[in-house]
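Working notes, beginning with the structure itself.
The values are calculated or read from the model by the stated rules, or taken from the named source; none is laboratory data. The model shown is predicted, which means the values in this text are computed figures rather than measured ones. Neighbour counts are summed over all protein chains in view; Cβ atoms, including those assigned to glycine, are modelled from backbone coordinates with ideal geometry. All accessible areas refer to the heavy atoms of the entire protein, side chains included, with ligands and DNA or RNA removed. Shrake-Rupley method; radii C 1.70, N 1.55, O 1.52, S 1.80 Å.
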Amino acid sequence: MSGTTGTVLGCIGCGNMGAAILRGLSSRQGLSLLGYNPTPAKVLALADAGVRAMPDAAALAAQADVVLLGVKPYLVPDVLRAIAPSLTPDKVVVSIASGVSIAAMKAAIAEAGGPECPVVRVMPNTPAMVGKGVYALCFEDPALDAPRRDLVRGLFESIGTVIVLPEARFTAFTAVVGCGPAYVFYFMEAVAEVAVTLGFTRQDATELVKGLFSGSVALAEQSGTHLSVLREQVCSPAGNTIAAMNQLDREAVRGRIMDAVLAAYRRGLEMEK
């Protein structure tokens with residue numbers, strides 16, 4: 001690590017997710033931030049977060065203690081080969097690319113003559129862009145020591161919710177949490193559409209639904225009550241809510257949702273082959 005100067009984290013690929021992580025970490029004490037993107041404007045837009053632009057990926061990797069890969073999955077091997085000469089055993093590579101295994105990343109580094117540099121896989125979801133991300137972390141690389149494991153975990157715990165998983169569970173995590181925001185937005189959109197059908201303006205419908213979901217999540221987080229009990233509390237005997245629940249059950253909506261998540265999981269397994 002960088003000793004008395006603190007830790008340096010550099011992000012290669014400063015798109016939506018990379019930029020969100022950099023901004024989230026910008027207030028962390030003892031951490032300096034670097035960024036590189038083929039489109040320089042994306043890094044320059046992060047100047048207000050204290051991110052220093054680097055001329056290329058190799059130069060960034062040479063100065064960073066933690067090298068964050070925020071590029072598309074198909075670009076990961078090429079990027080690793082390009083930065084391999086700049087890596088050292090005391091650095092750590094952290095990838096947020098979906099479907100690229102630790103073994104594949106280490107192989108790319110080795111192919112380019114790089115050192116035994118530890119690699120960590122991280123799977124985020126899009127609420128990271130508003131500081132509400134959920135991150136799965138995999139620490140299965142034998143080259144990863146405890147100090148760097150704790151460093152990486154601490155970085156992501158400071159910007160969201162963290163769960164440590166074996167790499168074999170990453171596809172399941174992606175199906176549930178990585179894809180999850182789409183499920184939530186889909187349901188929100190459906191409720192908003194029926195609100196419009198019932199006479200609300202589209203703007204009012206959207207605001208009402210956003211308030212409905214944010215309030216419901218806050219209640220679930222703060223009450224400590226099981227989700228089933230929270231649902232039952234809304235269902236008065238012979239009321240309109242229980243009528244709605246009965247209709248959802250007759251249409252097997254719960255099972256359909258489960259099937260959708262399992263379809264995402266199966267597709268994830270196919271993409272990894």
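Quick notes on this one:
- Prolate/oblate/rounded label for the stretch 1-159 (Cα gyration tensor, a/c 1.5): rounded
- Two-site FRET efficiency, V176 against A59, from Cβ-Cβ distance with R₀ of 35 Å, rounded to 0.05: 0.40
- Accessible solvent surface per residue of the chain, calculated while the other protein chains remain in place, 1.4 angstrom probe, Å²: 55 Å²
- Rel. contact order, % - alpha carbon contacts under 8 angstrom, at least six apart, the chain: 13 percent
- Just the protein heavy atoms count here, and of the accessible area of the stretch 143-273 at 1.4 Å, carbon and sulfur take up 60 percent.
- Percent accessible area from carbon and sulfur atoms, the stretch 1-120, protein chains only, probe 1.4 Å: 56 percent
- Those lysines that a straight Cα-Cα span of less than 30 Å connects to K210, excepting residues fewer than 8 apart in one chain: K42, K132
- Modelled spin labels at A103 and L212, positioned 7 Å past Cα toward Cβ, are 4.7 nm from each other.
- Once the Cα atoms are used to define both axes, helix 146-157 deviates from the longest principal axis of the chain by about 40 degrees.
- Tensor-based shape of the chain (alpha-carbon gyration tensor, a/c under 1.5 rounded, otherwise prolate or oblate): prolate
- Cross-link reach is defined here as a Cα-Cα straight distance under 16 Å, omitting same-chain residues fewer than 8 places apart; for K106 the lysines meeting it are K91.
- Under 14 Å, Cβ to Cβ, from L144 - net charge with Lys/Arg +1 and Asp/Glu -1: -2
- The distance between label points at F185 and A220 comes to 1.8 nm (points 7 Å beyond Cα on the Cα→Cβ vector).
- The chain: angle of helix 16-25 to the longest principal axis, Cα-based, in degrees nearest 10: 80 degrees
- For the pair R267 and A110 in one chain, pulling the backbone fully straight at 0.36 nm per residue adds 53.6 nm over the alpha carbon distance.
- Each residue, L230 and R81, gets one label point 7 Å from its Cα in the Cβ direction; the gap between the two is 4.8 nm.
- Cα centroids of the stretch 183-197 and the stretch 39-63: 39 Å apart.
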